[in-house]
Amino acid sequence: MLVRYGKKENGALVKKALVYTRGEHNIDPAAVDSEAVFITGRLRANGYDGYVVGGAVRDLILGRRPKDFDIATNATPARIKKLFRNSRIIGRRFRLVHVFFGPRIFEVSTFRSLKDGHTGNTYGTIDEDVLRRDFSFNALYYDPGKQIVVDYVGGVADIKKKRLTPVIPPEVIFKDDPVRMIRAVKYAAACGFKVPWFLMRRIKKESVLLETASSSRLTEETIKIINSVHAAEIAANLEEAGLYAYLQKNAAILMRKDAGFRKNYLKSLAQNCGSEKAGQSLSALIRDYLDSVCDWSAKPANLSKTEETKWHSGNLELFRKMFFEARRFLLPMNPPKLELEKALRLVFAEHGREVRKTRIFDRPRRPAAKPDRL
């Protein structure tokens, strides 16, 4: 194991970080996305630092294949954009660069300082950037070229011991960003870690802070959860911690009131979430509720053409009604209309109800006006 040193103001050397080599961190280079390797390589070839950071490094050490690869560098957004033509700068306050490779997006951020606190937007050094990360296992920096992991905060040891350790002081971490409470429980459930009692006590005490979180951020977290194969464990742990109500208020109420609903709801999450099939993960959130409010009577046999047309018309009307029921039930989550339609179609199909029309909410076209005769 190597050690990275820095200097104090008086010139004395001070240990800053541990540097793990390939044989020590056991990351499989083949599991690292080739585009992420390309981005970090180009940054370094042009004189800048380039690291894969965050959850991707954690998952790689755990032997998993990450879905997303975020990158951190000391290059400014303007410099990053000049290096990558297939990129654009996003954000007003917290400026990032999105680098595009076909449909895939890689987020490249500039190191931030602590000058304006843990949520400021002043550019800084890697030594400062690491102290803005939420938990130690998300505060690791991986260099794909040298195949080393730079660890300032004991994150590698925490992964091996399955510890959830906050980097930001506990009295500040959730006040700065309440959504970190959801992430703490989510990470622990997905990785098989345990939230320390002192941190869980603070989460339960400060959970009310989530009322200030925007619906867009809560929607983003919900989508991340249902796209995980660990969605059932995450939802159960969030519900136990009193946090699930901020993501899925109506489901949390029913889970507390009805043990049968809770069991079926979590079972649906376990069976459907993390799927790549369009709409399937989202369907897990609405299936059990719709079963409780919808009459799934089977299509009668031997219908005449007129009766069959009438039945399909009623089925379409039921679909519209259940669409708005599902949307209301999912609040504050606000998924895209087409995604919710796909999820709803899957639930209808499970009950033998095909919805024929391609676009349910298209308005009928008005006939073209006839020109006035002279």
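Could you check the simple spin-label distance between Glu240 and Leu316, using points 7 Å along Cα→Cβ, in nm with one decimal?
4.8 nm
Around Ala17, which amide H atoms from residues at least 5 apart in sequence, or from another chain, sit under 5 Å from its own amide H, with H modelled in the peptide plane?
It is Arg4, by chain and number.
Hey, how many Å between the Cα centroid of region 128-176 and the Cα centroid of region 23-47?
19 Å
Under the Karplus relation 6.51 cos²θ - 1.76 cosθ + 1.60, θ = phi - 60°, what is the ordered set of whole-Hz ³J(HN,Hα) values for region 293-301, x standing for Gly and Pro?
10, 10, 8, 8, 3, 5, 5, x, 7
Quick one: net charge of Thr125's neighbours, Cβ under 12 Å, K/R +1, D/E -1?
0
Considering only Ile90, Ile234, Ile80, give the residue with the highest GNM mean-square fluctuation for the chain, with springs between Cα atoms whenever their separation is below 10 Å.
Ile90
When the chain is modelled as a GNM with alpha-carbon springs shorter than 10 Å, which of Pro166, Pro300, Pro77 fluctuates the most?
Pro300
Please tell me which of these pairs span more than 25 angstrom C-alpha to C-alpha: Lys205/Lys249; Lys162/Lys186; Lys8/Lys194; Lys7/Lys146; Lys115/Lys161; Lys194/Lys267?
Lys8/Lys194; Lys115/Lys161
So what J values fall out for region 212-229 if you push phi through Karplus, 6.51 cos²θ - 1.76 cosθ + 1.60 with θ = phi - 60°, rounded to Hz, Gly and Pro as x?
After applying 6.51 cos²θ - 1.76 cosθ + 1.60, I find 8, 6, 6, 5, 5, 6, 5, 4, 4, 5, 4, 4, 4, 5, 6, 7, 9, 6 Hz.
Quick one: if the Förster radius is 45 Å, what FRET efficiency do Asn250 and Asp116 give, using the C-beta to C-beta distance and rounding to 0.05?
0.70
For region 24-160, report the % of Cα-Cα distances exceeding 28 Å.
Considering region 24-160, 12 percent of its Cα-Cα pairs are separated by more than 28 Å.
Taking the Cα centre of region 256-323 as origin, sum charge times position over the Cβ atoms of Lys and Arg (+1) and Asp and Glu (-1), and report the length of that vector in debye to the nearest 20.
With only Lys, Arg, Asp and Glu charged at Cβ, the dipole is about 240 debye.
Considering only DSSP beta bridges whose two residues both sit in the chain, what percent are antiparallel, to the nearest 5?
In the chain, approximately 90 percent of DSSP beta bridges are antiparallel ones.
Modelled label-to-label distance, Ile105 and Ser275, 7 Å Cα→beta-carbon offset: nm?
2.5 nm
Mind jotting down the distance between the C-alpha centroids of region 207-251 and region 271-295, whole Å?
Going from one Cα centre to the other spans 16 Å.
Mind listing the Cα extents of region 41-107 along all three principal axes, in Å, largest one first?
34, 26, 25
Identify, among Thr110, Phe324, Gly63, the residue whose Cα sits farthest towards the positive end of the charge dipole of the chain, taking +1 on the Cβ of Lys and Arg and -1 on the Cβ of Asp and Glu, with the dipole about the Cα centre.
Positive-most Cα among the choices belongs to Phe324.
Shape of region 80-171 from its Cα gyration tensor (a ≥ b ≥ c, root eigenvalues): rounded if a/c is under 1.5, otherwise prolate when a/b > b/c, or oblate?
Judged from the Cα gyration tensor, region 80-171 comes out oblate (a/c at least 1.5, b/c at or above a/b).
How big is the dipole moment of the chain about its Cα centre under a simple scheme where the beta carbon of each Lys and Arg is +1, that of each Asp and Glu is -1, and everything else is neutral? Debye, nearest 20, please.
760 debye
Considering every Cα-Cα pair within region 237-290, what fraction, in whole percent, is farther apart than 18 Å?
28 percent
In whole Hz, with x marking every Gly and Pro, tabulate ³J(HN,Hα) for region 329-336 from phi via Karplus 6.51 cos²θ - 1.76 cosθ + 1.60, θ = phi - 60°.
Once rounded to whole Hz, the list reads 5, 7, 3, x, 5, 9, x, x.
Pick from Val53, Val150, Val293: which residue has the top mean-square fluctuation in a GNM of the chain where Cα pairs under 10 Å get a spring?
Ranking Val53, Val150, Val293 by mean-square fluctuation puts Val293 first.
Kindly provide the pair-distance distribution of the chain built from C-alpha pairs, with 10 Å bins from 0 and whole-percent values in order of increasing distance.
Answer for the chain: a P(r) of 4, 20, 26, 23, 14, 8, 4, 1, 0, 0 percent.
With a/c under 1.5 counting as rounded, go ahead and sort region 96-248 into rounded, prolate or oblate using the C-alpha gyration tensor (a ≥ b ≥ c being the square roots of the eigenvalues; past the cut-off, prolate if a/b is larger than b/c, else oblate).
rounded
Nearest 500 deg cm²/dmol is fine: what mean residue ellipticity at 222 nm does the chain get from its DSSP H runs of n ≥ 4 alone, each adding -39,500 (n - 2.57), divided by its residue count?
That comes out to -13500 deg cm²/dmol.
For the chain, what's the relative contact order in percent, using C-alpha pairs closer than 8 Å and at least 6 residues apart?
10 percent
Readers should treat all values here as calculations from the given coordinates under stated rules, not as data from a laboratory. Owing to the predicted nature of the structure, the values given are computational and were not obtained by experimental measurement. FYI the Cβ positions are ideal-geometry reconstructions off the backbone, even for glycines, and counts take in every protein chain you see.
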